[in-house]
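Trainee: For reference, the structure I am asking about is given below.
Taken together, the values in this text are just the output of simple stated rules run on the coordinates, not laboratory data. Values in this document were obtained by computation on a predicted structure and should not be read as measured data. We place every Cβ from the backbone using ideal geometry, glycine too, and count neighbours over all the protein chains shown.
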Amino acid sequence: MPIGYTHFTILAVLHHYKRFSQPHYLESPSIDFMSNYISDILTTLIEVFNADDLPFTRVEDDTALSLAFKGENGQWMCYARAKEVKEQFIFYSICPVNAPDERRRDMTEFLARANYGLPIGNFELDFRDGEIRYKTSIDVEGAELTPALVRSLVYTNVMTMDTYLPGIMAIIYGNISPEDAIAQIEMRSPASFDDSAVVSTEDKGTE
C-alpha cells in the first residue's frame, strides 16, 4: 500500500451528517480538473469528501481515493474504491500495524469474534503479510449511490476500526487471549470523537 498521504481528522463523527467547521489545509482537486471521464460512483465519492472537508488523493489508475483518519485510539490509512463495471463501492480502513506471523492465529480468532454480530462490514486478515483491514461495501446495481449511503459506510467503518483497534494491538503486543481481548472491547462504549481529537493537518512524505 502507498505510504504517502495527507492527514485529516473528523469532528463529532457520531454526528456524521453535520458539516465540519475546521479549515481546509489541502485543496482537494475539483471534478473539473480531473480526467475527462470519471465514473458515477467515483464522482459521488469525490463530492461527498469535498463537502465534508476530507482531503484525499487519487490512486490506482484513478479508480480509488486514499485518505488518512485519526480516531481516539490511533490513526490509519483508508481507501475508497469505485468498481464501476460491477457497480460497487468498497471502503477500507487499514490497520497501522500488521500482525506478525506468530500472532496471526490468535488474531484470526479475535477478528472472527469481532465479526460475529457486526451489522455492517467485516474485518479481514491477509495471512501472507498480516495486514488487517475493516471493509464496508455496497452493490448499487440498478440503483444510485447516494451521499447518505457513502457517509454511512465511511463513518461506520472508521468508528468500528477505532473501537476494536486497542484489542488488535493487545493481541499483537500483549499477552492476552482473543476471548479476553474481545470481552474488554465490547464492554466499552462505541468510539466517540470530540474537539480534543483535532490535530494539525500535515503532508506525510513517502517513506
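Trainee: Please identify the chymotrypsin sites (Phe, Trp or Tyr not before Pro) of segment 87-170 that satisfy two criteria: DSSP loop assignment and at most 15 other Cβ atoms within 10 Å. Which are they?
Mentor: Values: sites: F89, F91, Y92, F110, Y116, F123, F127, Y134, Y155, Y164; in loops: Y116, F127.
Of the chymotrypsin sites (Phe, Trp or Tyr not before Pro), the ones in loops of segment 87-170 whose Cβ has at most 15 other Cβ atoms within 10 Å are Y116, F127.
Trainee: Net charge around I182, counting only other residues with Cβ within less than 13 Å of its Cβ (Lys, Arg = +1; Asp, Glu = -1)? Let's see the in-between values first.
Mentor: Numbers: positive: R113, R188; negative: D106, E109, E179, D180, E186.
It works out to a net charge of -3.
Trainee: Testing the spin-label approximation: label points 7 Å from Cα along Cα→Cβ at E47 and D106. State their distance in nm.
Mentor: Taking the two extended label points, one gets 4.8 nm.
Trainee: Here is a follow-up. If you plug each phi of segment 116-122 into the Karplus form 6.51 cos²θ - 1.76 cosθ + 1.60 with θ = phi - 60°, what whole-Hz ³J(HN,Hα) values come out, in order, with x for Gly and Pro?
Mentor: Listing the rounded values in order: 5, x, 5, x, 9, x, 7 Hz.
Trainee: Starting from the amide H of E131, placed 1.01 Å from N in the peptide plane, find each other amide H under 5 Å away whose residue is 5 or more places distant or on another chain.
Mentor: Amide H neighbours of E131: A99, D126.
Trainee: Just grab the label-to-label distance for N115 and F127, each label 7 Å out from Cα along the Cβ direction, in nm (one decimal).
Mentor: 1.2
Trainee: While we're looking at this one, here's another question. Hey, what do the phi angles of segment 153-163 turn into as Karplus ³J(HN,Hα) couplings, whole Hz, using 6.51/-1.76/1.60 and θ = phi - 60°, x for Gly and Pro?
Mentor: 5, 5, 6, 4, 4, 5, 5, 5, 4, 5, 5
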